[in-house]
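Since the structure comes first, as structure tokens, the remarks are kept for the end.
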Amino acid sequence: MRYINIGNGEIKASAIALGCMRIADKPVKEVAELINTALEEGINFFDHADIYGGGKSEEVFAEAIEMKPSIREKIIIQTKCGIRHGYYDFSKEHILKSVDGSLKRLKTDYIDVLLLHRPDTLMEPEEVAEAFSILHSSGKVRNFGVSNFNPMQIELLSKYLNQKLIINQLQFSIMHTGMIDSGFNVNMKVDQSIDRDGSVLEYCRLKNITIQAWSPFQYGFFEGTFLDNEKFKELNDKIDEIAAKKGVPSIAIPIAWILRHPAKIQPIVGTTNPARLKDICKASEIELTREEWYELYRAAGNKLP
């Protein structure tokens, strides 16, 4: 497993992280096997959110890993807050309450990284800053970040914070490339030239904010996976071709494609299948050539100007 420095360099994390959204309804024994497989493969970063399974995912994780100090010091736990039923809530009261709930469910004294889950247009940054300062000074949260934020939203929040935001989690995959499309089509009158995110990729690289890629196997907005999907025959043929050449399972190639980007994007993989996780982790053992990377980009239906 490769390792990367997250944000300010204080966290050395596995290049691939395990997302825990889907473990809520799994038997504890199965989740324990999944987590142990992740650890054996070198994954030390685990991504949670207070809304995953209504909090059950965090509970099951802590039970499965038999949380204790000797285990806790070896892993990096990230969780998120801010999404409620039908609305977003960045109030000081909710952030503090959410963190206390996550700490209790995870059976730990601290969270390594807390993310604000989705932008709240009713955000009062001064209030968020106060909540972050309380959490940081109390030792409950060591680092902070955001998810699905554009650059100006980060700038607005950062103006009031005493802590640096070190992560921005965004949807990104071979079939969800909006983050890079406009960069290829500068000053062109085509749909791909539209900058829909404020050049968030370049902004995060300039600010040393690590981008995490959620749903790295999805196309659209939770429409399904593109792997072995007859809708995307050209892409899957190219994935299979490169996988055979590299000697890795096909499922490793979409992750290798993300890892190849010099921004050091960290994919968050959400499989609950230990064997599949092992196959995914083989992406860390290879590096795509520049030509292979662009072949995959074009096979996904993208055209270079």
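The values are calculated or read from the model by the stated rules, or taken from the named source; none is laboratory data. None of these values were measured; they are calculated from a predicted model. FYI the Cβ positions are ideal-geometry reconstructions off the backbone, even for glycines, and counts take in every protein chain you see. Protein only, heavy atoms only, side chains kept; ligands, DNA and RNA dropped before computing areas. Shrake-Rupley method; radii C 1.70, N 1.55, O 1.52, S 1.80 Å.
Of LYS231/LYS303; LYS26/LYS107; LYS68/LYS140; LYS56/LYS80; LYS97/LYS140, which ones are farther than 21 Å apart at the Cα?
none
Calculate, for the chain, the solvent-accessible area per residue in square angstrom, rolling a 1.4 angstrom probe over the heavy atoms of the protein chains.
Accessible area per residue, the chain: 47 Å².
If you keep only loop residues by DSSP, which chymotrypsin sites (Phe, Trp or Tyr not before Pro) in segment 73-146 have at most 16 other Cβ atoms within 10 Å of their Cβ?
Those that pass, being in a loop and sparsely packed, are TYR110.
Where the accessible area of segment 84-192 is counted over protein heavy atoms with a 1.4 Å probe, how much of it, in %, is carbon and sulfur?
On the way: 2660 of 5330 Å².
Carbon with sulfur: 50 percent of the solvent-accessible area.
Apply 1/(1 + (r/R0)^6) to the Cβ-Cβ distance of ASN8 and SER133, taking R0 = 22 Å, and write down the FRET efficiency to the nearest 0.05.
The formula returns an efficiency of 0.80 here.
Using a 1.4 Å probe on the protein chains only, how many percent of the accessible area of segment 214-305 belongs to carbon and sulfur?
For segment 214-305, the apolar C and S fraction of the accessible surface comes to 47 percent.
Mind listing which GluC sites (Glu not before Pro) in segment 187-266 are in a DSSP loop and have 16 or fewer other Cβ atoms within 10 Å? Can you show the working numbers first?
Details: sites: GLU202, GLU223, GLU230, GLU234, GLU241; in loops: GLU223.
Hits after loop and neighbour filter: GLU223.
Mind ordering 95-102, 7-14 by average Cβ neighbours within 10 Å, highest first? All intermediate terms of the calculation are to be shown ahead of the outcome.
Numbers: 95-102: 19.0, 7-14: 17.1.
So the order, starting with the most tightly packed, is 95-102, 7-14.
At a threshold of 8 angstrom on Cα-Cα distance, excluding pairs fewer than six apart, so keeping six or more, what relative contact order does the chain reach in percent?
Answer for the chain is 18 percent.
Nearest 5 is fine: what % of DSSP beta bridges in the chain come out antiparallel, could you say?
25
If you filter segment 141-198 for trypsin sites (Lys or Arg not before Pro), then keep DSSP loop positions with at most 13 other Cβ within 10 Å, what is left?
Answer by residue number: LYS159, LYS189, ARG196.
If I take R0 = 35 Å and measure r between the Cβ atoms of ASN229 and GLU30 in this structure, what FRET efficiency does the formula 1/(1 + (r/R0)^6) give, to the nearest 0.05?
So, using R0 = 35 Å, E works out to roughly 0.85.
Would you give the gap between the C-alpha center of segment 269-290 and the C-alpha center of segment 97-131, rounded to a whole Å?
Answer, in whole Å: 30.
How large is ³J(HN,Hα), in whole Hz, for each residue of segment 116-126 in order, when computed from phi with the Karplus curve 6.51 cos²θ - 1.76 cosθ + 1.60 and θ = phi - 60°, using x for Gly and Pro?
7, 6, 9, x, 10, 5, 8, 4, 10, x, 4
Hey, of [x] 19.1, 57; [y] 24.5, 70; [z] 26.0, 105, which did the structure itself give for Rg and Dmax of the Cα atoms in Å when calculated?
[x]
How far is it, in nm, from the label point at ILE194 to the one at MET67 when both lie 7 Å from their Cα along the line to the Cβ?
4.3
Can you say what percent of the DSSP beta bridges in segment 1-119, counting only those with both residues inside, are antiparallel? Round to 5.
On the way: 6 of 15 bridges.
The antiparallel proportion sits near 40 percent.
Run the numbers for ASN208 and SER250: contour at 0.36 nm per residue of separation, minus the present Cα-Cα distance, in nm.
So the chain would gain 12.0 nm between ASN208 and SER250.
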